[in-house]
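A short worksheet on the structure shown next.
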Amino acid sequence: LLTENDARADVGENVVLILGANAGESLRVEAGSAASARVIAGSISGSTAKAGVGATIAVAERRDAANAAVSAGSTVTAAGDVTIQSTAQNDIWAVTTADAVATGTGGAAIGGGVNVILTGTTAQAVLGDGATIDADGAFALNAQNDTKFTLISADVGLGTGAAVAAGGTVAVLIHENA
């Protein structure tokens with residue numbers, strides 16, 4: 001599963017905004033991105049004779065950017081509040097099972113699984129170089145980046161008689177936030 005989002009809200013460069021014809025007029029520049037991803041995979045290998053082999057690989061890669069800005073050289077005058085806010089929220093699951101079953105005499109079964117989650121999430125709220133804010137109310141510059149991960153890997157190896165069964169699972173999480 002490969003996904004990518006890019007959410008932007010921007011008051012461009014060298015813009016002049018005057019909000020105040022009516023009392024309490026405010027400006028809110030807000031960018032947000034939220035996603036849930038689920039990867040579920042499984043395999044079973046079985047053998048009543050010589051050999052059985054099974055493998056599962058589950059990969060979830062999630063790239064996400066949420067950027068809110070009042071850009072360079074811009075001027076904002078507001079009778080109310082000015083808020084520049086960015087939020088990124090992700091909930092990612094990777095679930096694998098790799099099972100091996102061998103029966104009889106001399107048989108073998110091998111099962112293996114790999115779970116991989118790769119993320120790169122950015123949440124930025126920016127007041128550009130030379131930008132000015134004149135707010136009669138509150139001024140807020142906020143960026144929030146929340147990511148939840150769930151990695152579940154299970155293995156079962158069952159051998160009966162003189163048979164052999166083996167399994168192994170590897171879980172990898174690479175998380176890069178800004």
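The values are calculated or read from the model by the stated rules, or taken from the named source; none is laboratory data. All figures in this text were calculated on a predicted structure; none of them were measured in a lab. Glycine gets a Cβ as well: all are built from the backbone with ideal geometry, and neighbour counts include every protein chain shown. Ligands, DNA and RNA are stripped out before the accessible areas are found, and what is left, the full protein with its side chains, is counted by its heavy atoms. Shrake-Rupley method; radii C 1.70, N 1.55, O 1.52, S 1.80 Å.
Results, tabulated for the structure shown:
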| item | result |
| --- | --- |
| GLU176 paired with THR105, simple spin-label distance in nm, labels 7 Å along Cα-to-beta-carbon | 5.7 nm |
| Simple label model, 7 Å out from Cα along Cβ direction - ILE57 to ALA138, nm | 5.0 nm |
| Debye-sum result for segment 38-119 in log10 I(q)/I(0), which assumes one identical scatterer on each alpha carbon, at q = 0.11, 0.16, 0.19 Å⁻¹ | -0.54, -0.75, -0.86 |
| Under 5 Å, built H, 5+ apart or other chain: amide partners of SER43 | THR97, ALA98, ASP99 |
| Accessible solvent surface per residue of segment 46-178, calculated while the other protein chains remain in place, 1.4 angstrom probe, Å² | 45 Å² |
| Per-residue HN-Hα couplings for segment 158-169 [Karplus 6.51, -1.76, 1.60; θ = phi - 60°; Hz; x = Gly/Pro] | 10, x, 10, x, 9, 7, 10, 10, 9, x, x, 9 |
| Rh by Kirkwood over Cα pairs, then Stokes-Einstein D for segment 1-54 at 0.692 mPa s and 37 °C, µm²/s | 184 µm²/s |
| The chain - convex hull of the alpha-carbon atoms, volume per residue in Å³ | 91 Å³ |
| Rounded percent of accessible protein surface that carbon and sulfur make up, the chain, 1.4 Å probe | 54 percent |
| Among ALA23, ALA69, ALA31, residue whose mean-square fluctuation peaks in a GNM of the chain (springs only between Cα atoms under 10 Å) | ALA23 |
| Calculated FRET value between ALA23 and ASP146, using beta carbons and R₀ = 25 Å, to 0.05 | 0.10 |
